Amino acid sequence: LFDRAGDEAFAAVGLGPDYVKERTASFFTLESHNTYVRELHAGDSVRIETQFLDCDAKRVHYVQQMFHATEGWLSCVAEIIVMHIDMNLRKSAPFPADVLEKIEAMRAAHGNLPVPPQVGHRIGIPKKG
């Protein structure tokens, strides 16, 4: 479900289904952290919010939150960093200027939204005493 919601968000900035064919480029996930907060059950409807946190010429750092659609509670948070890739070279490459402009506009539009506390959370087993 996060992938589908992410596809919609990235399509809004010009990185939709035709992007790979038209520009011979794509974007790959470099890192993903998932925090499971509360269990959903089969058949539950959900709402997913996608928030762009940061970007540079080649990367986008974003977070997605999954909520129970009718009761509103948080189920899961996914924090993700993607890298733009030139598919001919199979190496990182800068976003095209028109796409980067839209990514930066999305990030700016999300700039005043609260950042979920799970973002940047360090994983590990706390040591006692």
> Counting alpha carbon pairs within less than 8 Å and at least 6 residues apart, what relative contact order, in whole percent, applies to the chain?
Replying inline: 26
> In degrees, nearest 10, range 0 to 90: what is the angle between the Cα axis of helix 2-12 and the longest Cα principal axis of the chain?
Replying inline: 40
>> With a cap of 13 neighbouring Cβ atoms within 10 Å, and only residues DSSP puts in a loop, list the chymotrypsin sites (Phe, Trp or Tyr not before Pro) found in segment 24-129.
In response: TRP73
> Any idea which of ILE123, LEU1, ASN34 is furthest toward the positive side of the dipole for the chain, if Lys and Arg beta-carbons carry +1 and Asp and Glu beta-carbons -1?
Replying inline: ILE123
> Put +1 on the Cβ of each Lys and Arg and -1 on the Cβ of each Asp and Glu in the chain; which of ILE80, VAL99, PHE52 then has its Cα farthest toward the positive end of the dipole?
Replying inline: ILE80
> Ignoring ligands, DNA and RNA, what accessible area per residue does the chain give at 1.4 Å, in Å²?
Replying inline: 65
> Using alpha carbons only, how many degrees (0 to 90, rounded to 10) separate the axis of helix 97-109 from the longest principal axis of the chain?
Replying inline: 30
> Considering amide H positions built from the backbone, and no H for Pro or chain starts, which residues 5 or more places from MET87, or on another chain, come under 5 Å of its amide H?
Replying inline: ALA25, SER26
> So which GluC sites (Glu not before Pro) in segment 35-79 are both in a DSSP loop and have at most 13 other Cβ atoms within 10 Å of their Cβ?
Replying inline: GLU39, GLU71
> Any idea what the dipole of the chain comes to, in debye rounded to 20, about its Cα centre with Lys/Arg Cβ at +1 and Asp/Glu Cβ at -1?
Replying inline: 520
> Suppose R0 equals 30 Å; then what is the FRET efficiency for ALA12 and ARG122 from their Cβ-Cβ distance, rounded to the nearest 0.05?
Replying inline: 0.45
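The values are calculated or read from the model by the stated rules, or taken from the named source; none is laboratory data. Note that the coordinates shown come from a computational prediction; the quantities given were computed from them, not determined experimentally. Note that we place each Cβ from the backbone using ideal geometry, even for glycine, and neighbour counts take in every protein chain shown. Accessible surface is based on the protein model in full, side chains and every heavy atom, while ligands, DNA and RNA are left aside. Shrake-Rupley method; radii C 1.70, N 1.55, O 1.52, S 1.80 Å.
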